[in-house]
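The values are calculated or read from the model by the stated rules, or taken from the named source; none is laboratory data. Predicted, not measured: the structure shown is a model, and the values here were computed from it. Here the Cβ positions follow ideal geometry from the backbone for every residue, glycine too, while neighbour counts run over all protein chains shown. The area values use the complete protein model at the heavy-atom level, side chains included, leaving out ligands, DNA and RNA. Shrake-Rupley method; radii C 1.70, N 1.55, O 1.52, S 1.80 Å.
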Amino acid sequence: MIVASELSKAFRTTNGQMNQAVDAISFTVSAGEVYGLLGPNGAGKTTTLRMVMGLLSPDSGFATVDGARTDSQSTNSNQSEAVLSKLGMISTNDGVYPWLSVREMLSYFADLYGVPQALAKTRLSELAQLLDIEKVLNQRCSTLSTGQKQRVTFARGLMHDPPVMLLDEPTRGLDVVGSRTVFQFIDLLRQRGKAILLSTHRLDEAERVCDRFGLLHQGKIRYEGTLQGLQIATGREHLVDMFIDLIDQRGAA
């Protein structure tokens, strides 16, 4: 569902030097799989997500989503729209439209993605039940609690039923209850056969939900595999310890 092939991206700093944000990284994510792209702040996670979405052109390499390339050099506007229709994006930075009701906002996003009105109505009802937001459908989004807004954001990402979901730091700033809702949502996506790319620096949480991991440090994937495989490769039990070793190794180099 997702293939990243030798993706690279550098940015020019204020002093004129080039900073290699992402350095020739490759990974795949299959249907029904949760792949954790993990690393500390500044590791290159968000840059990678933007290239996968087609919002940022790689300097080299490419990504495909459900068979469609996302780099701007090889896609026209129709292809770019096709790529975006296959993606759902969830981030804690995403907001809701305060003056629209929940029903109006979800219907609006369904319309943006060209979902037929009858199907959008059915899907809205289904997601409202699954995500426990039936009682707030007619409330303005500005009146919702943090947890309710979170569930509405999840519903919004699924209104066009994309095969691929990108989750960018979905638990940032959330309490234990809010984080649990995110985990339940990820389980729902897995059950529905979505390919899920999870970007986070919350390594303890990633251990709970991810099937495979890519440990990203200073723009490079240093290790990749299942938790068991990483434990064998590194001699460490937990992801946190693996990253501490990576940071120490780089500092000593």
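For segment 164-253, the spread of Cα coordinates along the three principal axes comes to 42, 27, 23 Å, biggest extent given first. Over all pairs of different C-alpha atoms, segment 29-156 has a mean inverse distance whose reciprocal, the Kirkwood radius, equals 16.6 Å.
When the chain is described by a simple charge dipole with +1 on each Lys and Arg Cβ and -1 on each Asp and Glu Cβ, the residue from Gly225, Ala206, Gln249 located farthest towards its positive end is Ala206. For segment 82-138, the per residue solvent-accessible surface stands at 59 Å², with DNA, RNA and ligands left out and a 1.4 Å probe. Dividing the Cα radius of gyration of the chain by 2.2 N^0.38 Å, with N the residue count, gives 1.05.
For segment 148-205, taking the reciprocal of the average inverse distance between every pair of different Cα atoms yields a Kirkwood hydrodynamic radius of 11.8 Å.
Assuming charge only on the beta carbon of Lys and Arg (+1) and of Asp and Glu (-1), the dipole of segment 170-228 about its Cα centre is about 180 debye to the nearest 20. Excluding same-chain pairs closer than 8 in sequence, count the lysine pairs in the chain whose Cα atoms lie under 24 Å apart. The number of close lysine pairs in the chain is 14. Excluding ligands, DNA and RNA, the accessible surface per residue across segment 185-253 is 50 Å² with a 1.4 Å probe.
What the phi angles of segment 123-132 give under the Karplus curve with 6.51, -1.76 and 1.60, with θ = phi - 60°, is a coupling list of 5, 4, 5, 5, 5, 4, 6, 4, 9, 6 Hz, glycine and proline written as x.
Distance between the pseudo-spin-label points of Arg208 and Asn15 (7 Å out from Cα toward the beta carbon): 4.1 nm.
Give me the net charge of Val102's neighbourhood, meaning all other residues with Cβ under 13 Å from the Cβ of Val102; Lys, Arg count +1, Asp, Glu -1. Once positives and negatives cancel, what remains is +3. Computed extension gain for Gln117 through Ile232, at 0.36 nm per residue and net of the alpha carbon distance, reaches 36.3 nm.
Using 0.36 nm per residue and subtracting the Cα-Cα separation, the extra length available between Arg172 and Ala24 on full extension is 50.6 nm. For the chain, modelled as a GNM whose springs connect Cα atoms under 10 angstrom apart, the maximal fluctuation among Ala155, Ala118, Ala206 occurs at Ala118.
The largest accessible area among His238, His217 belongs to the first residue in His238, His217, and the rest follow in falling order (1.4 Å probe, all chains).
In this simple spin-label model, placing a label point 7 Å from the Cα along the Cα-to-Cβ direction at both Gln191 and Arg140 gives a separation of 3.5 nm.
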